[in-house]
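Taken together, the values in this text are just the output of simple stated rules run on the coordinates, not laboratory data. What you see is a predicted model, and the numbers here were worked out from it, not measured in a lab. Because the Cβ atoms are built from the backbone with ideal geometry, glycine has one as well, and the counts that use them run over all protein chains shown.
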Amino acid sequence: MKQVVSPVISNDEIMPGGYLMWLDCPQIASVAVPGQFVMVLCRRRDGDVPLLRRPLSVHRVNGGRLALLYAVVGQGTQWLAERKTGDGIDILGPLGNNFTINVDSKKLLLVAGGMGIAPTVALADYAIDRGYITTLLIGCGSASYMYPAGQLDRAVSVGLNVVVATEDGSMGRKGMVTAALADLSPAADQIYACGPLPMYRAISGDIDMLGGKPTQVCLEQMMGCGWGVCYGCTVETENGLQKVCQDGPVFDIKDVLWNSVVDPVVGRI
Ligand code: FES
């Protein structure tokens, strides 16, 4: 884990309220793996609010560059959205565990609901570059909120299969991403899902839609410290209380006691 102040390369709104920030950060980019996250100080170092860092998933790495994808949901992320090229961002990471691919898996199904696309693209890049047959299923409310297809051009050019679903039918398949998941899961050896808590609850409540395939999820939780000190991120699991920041954020979907998990959307900074 390193704490660095990294210059912003670019910071663009690529979908409504969703920003893609590239940082020049070789110290973290060189060691980060898909599923991990960084804690971002969303204020000037001599400022006092918001006090806590904001956890953001590793969205992409490219050489010494690190990409973060974030939604503006409060004061901290609004401050982040206003940063310009050359501004320094204080980040801590990489943190947490990571997605794992079983030795006998060849076909991977990645499922992203809403901003769950943030960690999923890192895994898509990783898997496709290592020769896995990879399908990325992206779901959101409507076409105007869809992750831009152009961001995936390179991965698609080397074999990534992209399927999209929108609830209003304005792009791709019409309906919830979970319906498309049920159709695609039989062809996969392993499944990875990232999205809001209601999506996880829907999947865990109807485990048949996974076709019996091993499934990992990436949990989002409010975090105080990000490295196991404050116990502010604990969730109940089959293995007892676990810290999302240290034991996760990646868990087996069957291990989490979903009814005990608090939706982190409440109280975002
Ligand atoms: Fe402090 Fe996880 S955020 S222990």
For region 205-234 and region 147-173, what is the centre-to-centre distance using only Cα atoms, to the nearest Å?
25
Computed over region 193-244, the convex hull of the Cα set has an average projected area, in nm², of 4.1
What ranking of 117, 9 emerges when the number of other C-beta atoms within 10 Å of each C-beta is taken as an exposure proxy, fewest first?
9, 117
With viscosity set to 0.890 mPa s and temperature to 25 °C, compute the Stokes-Einstein D of region 147-269, Rh being the Kirkwood radius across alpha carbon pairs; µm²/s, no decimals.
152
Please list, or write none, the lysines whose alpha carbon is within less than 30 Å of the alpha carbon of residue 84, excluding same-chain residues fewer than 8 places away.
2
Identify all lysines with a Cα-Cα distance to residue 213 below 20 Å; exclude those on the same chain that are fewer than 8 residues away in sequence.
106, 107, 254
Classified through the alpha carbon gyration tensor (a ≥ b ≥ c as square roots of its eigenvalues; rounded if a/c is under 1.5, else prolate when a/b is larger than b/c, else oblate), region 1-99 comes out rounded
Per DSSP, loop trypsin sites (Lys or Arg not before Pro) in region 16-101 with at most 10 further Cβ within 10 Å:
45, 84
Taking every pair of alpha-carbon atoms in the chain, give the share separated by more than 22 Å as a whole percent.
54
Please state the shape class of region 115-174: rounded when a/c is under 1.5, otherwise prolate if a/b exceeds b/c and oblate if not, all from the C-alpha gyration tensor.
prolate
So which GluC sites (Glu not before Pro) in region 199-238 end up in coil per DSSP with only 13 or fewer other C-beta atoms within 10 Å?
238
